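The block underneath contains the structure these notes are about, expressed in structure tokens.
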Amino acid sequence: MEFPIADSRLKKSEQSVATRSFATLREDFSDLQYIIAHPGIVLQSQIQNKMSYEECLLELARTDERIVVMTAENRAAIRNLPDKLGGRFIDTGITEATMIGAAAGLALRGRIPVTHALATFITLRAFEFIRTDVGIANLPVKMVGGVPGILSEANGPTHQAIEDISLMRGIPNVNIFAPADADELVAGLPAVVADRAPYYIRYNASASVMNHTAFEIGRAEVVGTGTDVALITYGFMVGEALKARAALEANGISVRLLNLRTVKPVDVEAILAAAEETEMLVTIEDHFLTGGLYSIVAELFLRHRVMARVLPIAFRDRWFTPAMLDDVLRREGLTGEQIAATIMNELAVAQPTAGIHAQAFSE
Amino acid sequence: MNMPLTELEESQLAQTALRVREHIVRMATGGGCFIGASLSCADLLVYLYSRHLGISPDRLSDPDRDYLFLSKGHDVPALYGTFAELGYIGRERLANHLSPDDHIYWHPNRNIPGVEFHSGSLGHLLSVAIGVALDIKLRGGTNKVYVILGDGELNEGTIWEGLLVANAYRLDNLVGIIDRNEFQANIRTEELIPLEPLEAKFEAFGWRTDRIDGHSFTEMHNAFGRLPFEKGRPSMIIADTVRGRGCPSIEWRADRWFVKLNDADAEILMNELHGHTTGALTSETLMVR
């Protein structure tokens, strides 16, 4: 794999060449300061896989004094930062709306606030503040939502952020980063924090599900070149989709997988290519069917006059069964194996002659 | 402490405020505006921008300026009138009120020089002001952050969150000002959601308060000259005001919140500003939203 390089640091070592192999590049990336100063050049998971979200955020904050870390008293992911950041760690107590408003004020003064709360509370309780104070003003506030989607496990519907994508993508200027695992969270964070736009970050520090390709905002990670089925997904469900892909391929079905990484901006090109080059698309998300990925794909196809067969896997007008993660996956039919079986069943149904045939999962 | 205002200074402030009120009445013609709340806080804005705030048209992006946030954004005609009188915008620009070709509409926005942040949804700008005050503290600045709140706006829960947070962070560079005109949109505050005793509420939240006549430049001068009321604590000034102040035929009226004046009514109110009663308004030109 080769990366385009053009920077003074490499020139110093007489490497003013256009491209270098990844192996050599990796050594140069040992210094995170360098990475942060070059958000356009992105990280391979191996580089940072020993770094936690908290450590990465701390390094970013150490390098860039504009960064302030805020929380509405949700410190799970940033427990060690108060001592290290001093006044740049601001805990507003259980006041999601006020935290976002204050973040807007800090951003007016040139800061980049990285705010934290559970995904439901930051996107719902503070929704109007995100829309009105961050969105209208287009301020670079980053909103990190903890335990989104099925990661809320046994908390119950109060904590199920499964309309968060729908809400956040509806706000002009607000982008969405939904990492597949801890590696991707850390790989994407420098670029997302450095980006001028406000971001909703669907926090996911789950164990690594794969070796990721270089992160780029707006560019999906495409696994495989399969032409039978394309799985389109984001966030935690990437791991189960990978398992589904393996199971389908074992059954002779060729599958490509699109890990969107940023749900907004979405990789239009990759989705349209998948529609053109495969027989059936499957959108997989731990989100309501309405307003999330399935809606994004549907809007895209209408806009581009694409006819495609799409199987959506999502929660259709209902919350999911509260339980521990593995049990939720099994109960809701969301394990990789179950997803593969659902897809096999769908493929067994003759495709209607009249074009698009979308069927909701679990009906 | 401030030196006392001289008679001349006070009269100059009154003259400026009169011109601002004339602008407000003019902006209430055509598509109309929120005239009652604009007239109630006009004196406060004239005093703050003329005498108190460390800000001027030539230092709008100076990080060491004082910040004023208008959280009850529907009184923006008073702000724009003040800006026109003090050189932030040309007076002629006020004639663009509600024109699609300018940005002078019913709520403030940052396209107008001097406006620090947009508002219109109540209960937002205390939190935004807290963010600015926190940053000024972080950088060791000495400038202050003022936020004008409506009394009806105090119904909003985020105001009380903000009161807690500002106290927690000991933001003595933050000053709240309540335009206490005793009205919600359609009804007296004490009839709907009673607010009194206000000083006791704010004091219990750790703020230090003063209560003044919001139309007395002398009282403003004394109160604002003592800020912060206590080191390490945010300050709240409750300014008792009169909705519709300056135009007796719309003062203290629940049904004179948002008005659209025809030219004859505008002239009647303009005369009232100058102390002359010249007739009754034709009520069908007035409406409540």
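The values are calculated or read from the model by the stated rules, or taken from the named source; none is laboratory data. On a predicted model such as this, the values are computed, not experimentally measured, just so you know. We place every Cβ from the backbone using ideal geometry, glycine too, and count neighbours over all the protein chains shown.
When B:Leu134 is evaluated against the numbered criteria (1) touching a residue at least 12 places away in the same chain (Cβ under 8 Å); (2) farther than 21 Å from B:Asp62 by Cα, which criterion, by number, is the only one it fails?
(2)
Based on what the data block shows, is A:Ala107 more than 7 Å from every other protein chain (Cβ to nearest Cβ), crowded, with 21+ Cβ neighbours inside 10 Å and assigned to a helix (DSSP H, G or I)?
Against the criterion (more than 7 Å from every other protein chain (Cβ to nearest Cβ), crowded, with 21+ Cβ neighbours inside 10 Å and assigned to a helix (DSSP H, G or I)), A:Ala107 qualifies.
Take region A:196-216 and flag every residue that is crowded, with 18+ Cβ neighbours inside 10 Å and under 22 Å from A:Ala104 (Cβ atoms).
Residues satisfying the conditions are A:Pro198, A:Tyr199, A:Tyr200, A:Ile201, A:Arg202, A:Tyr203.
Identify all residues within region A:153-182 that are more than 16 Å from the chain's Cα centre (by Cα) and crowded, with 24+ Cβ neighbours inside 10 Å; write none if there are none.
A:Gln160
All but one of (1) crowded, with 21+ Cβ neighbours inside 10 Å; (2) more than 21 Å from A:Asp317 (Cα to Cα) hold for A:Ile284; state the number of the condition that does not hold.
Failed condition: (2).
Taking A:Ile100, is it touching a residue at least 60 places away in the same chain (Cβ under 8 Å) and within 14 Å of chain B (Cβ to nearest Cβ)?
Against the criterion (touching a residue at least 60 places away in the same chain (Cβ under 8 Å) and within 14 Å of chain B (Cβ to nearest Cβ)), A:Ile100 does not qualify.
Can you tell me which condition A:Lys84 does not meet? The list is (1) more than 11 Å from chain B (Cβ to nearest Cβ); (2) under 23 Å from the mean Cα position of the chain (by Cα); (3) of a type in the set (Lys, Arg), and all the others hold.
(2)
Can you tell me which residues in region A:167-182 are within 24 Å of A:Gly239 (Cβ to Cβ) and either of a type in the set (Asp, Glu) or assigned to a loop (DSSP other than H, G, I, E, B) (or both)?
Scanning region A:167-182 gives A:Ala178, A:Pro179, A:Ala180, A:Asp181.
Among the listed residues A:Ala314, A:Ala274, A:Ala308, identify the single one that is touching a Gly at 6+ places or on another chain (Cβ under 7 Å) and buried (at least 21 other Cβ atoms within 10 Å of the Cβ). It would help to see each step written out before you state the result.
Values: A:Ala274 fails: touching a Gly at 6+ places or on another chain (Cβ under 7 Å); A:Ala308 fails: touching a Gly at 6+ places or on another chain (Cβ under 7 Å).
Every option except A:Ala314 fails the conditions.
Given the criteria touching a His at 6+ places or on another chain (Cβ under 6 Å) and either under 26 Å from A:Gly170 (Cα atoms) or buried (at least 24 other Cβ atoms within 10 Å of the Cβ) (or both), does A:Glu240 qualify?
Here the answer is no, as A:Glu240 does not meet what is asked.
Taking B:Ile136 and the conditions (1) under 20 Å from the mean Cα position of the chain (by Cα); (2) within 8 Å of chain A (Cβ to nearest Cβ), which numbered condition does it fall short on, given that it satisfies the others?
Unmet condition: (1).
If you go through region A:138-149 one residue at a time, do you hit one that is over 20 Å from the mean Cα position of the chain (by Cα), buried (at least 17 other Cβ atoms within 10 Å of the Cβ), among the β-branched types (Val, Ile, Thr) and within 13 Å of chain B (Cβ to nearest Cβ)?
no
Only residues that are part of a helix (DSSP H, G or I) and over 21 Å from the mean Cα position of the chain (by Cα): list them for region B:250-275, please.
Hits for region B:250-275 are B:Asp263, B:Ala264, B:Asp265, B:Ala266, B:Glu267, B:Ile268, B:Asn271, B:Glu272.
Just name the residue that is nearest to the other protein chains (Cβ to nearest Cβ) out of those in region B:96-120 that are surrounded by fewer than 17 Cβ atoms within 10 Å (Cβ to Cβ) and either of a type in the set (Asp, Glu) or free of Cβ contacts under 8 Å to residues at least 12 places away in the same chain (or both).
The qualifying residue nearest to the other protein chains (Cβ to nearest Cβ) is B:Arg110.
I'd like the full set of residues that are touching a Lys or Arg at 6+ places or on another chain (Cβ under 9 Å) and assigned to a strand (DSSP E or B), limited to region A:202-241.
Across region A:202-241, the qualifying residues are A:Glu221, A:Val222, A:Val223, A:Val229, A:Ala230, A:Leu231.
Please verify whether B:Asp58 is in a helix (DSSP H, G or I) and modelled with pLDDT of 95 or more, treating the condition exactly as stated.
When the stated conditions are applied, B:Asp58 passes them.
Checking the condition without any contact (Cβ under 8 Å) to a residue 24 or more places away in the chain and away from every other protein chain (no Cβ under 14 Å), which residue from B:Glu182, B:Glu191, B:Glu230, B:Glu199 passes?
Testing whether each residue is without any contact (Cβ under 8 Å) to a residue 24 or more places away in the chain and away from every other protein chain (no Cβ under 14 Å) leaves just B:Glu191.
Is it true that B:Asn173 is surrounded by fewer than 19 Cβ atoms within 10 Å (Cβ to Cβ) and away from chain A (no Cβ under 11 Å)?
no
Looking only at residues in region B:40-95 that are surrounded by fewer than 24 Cβ atoms within 10 Å (Cβ to Cβ) and basic (Lys, Arg), which one is nearest to the other protein chains (Cβ to nearest Cβ)?
B:Arg65
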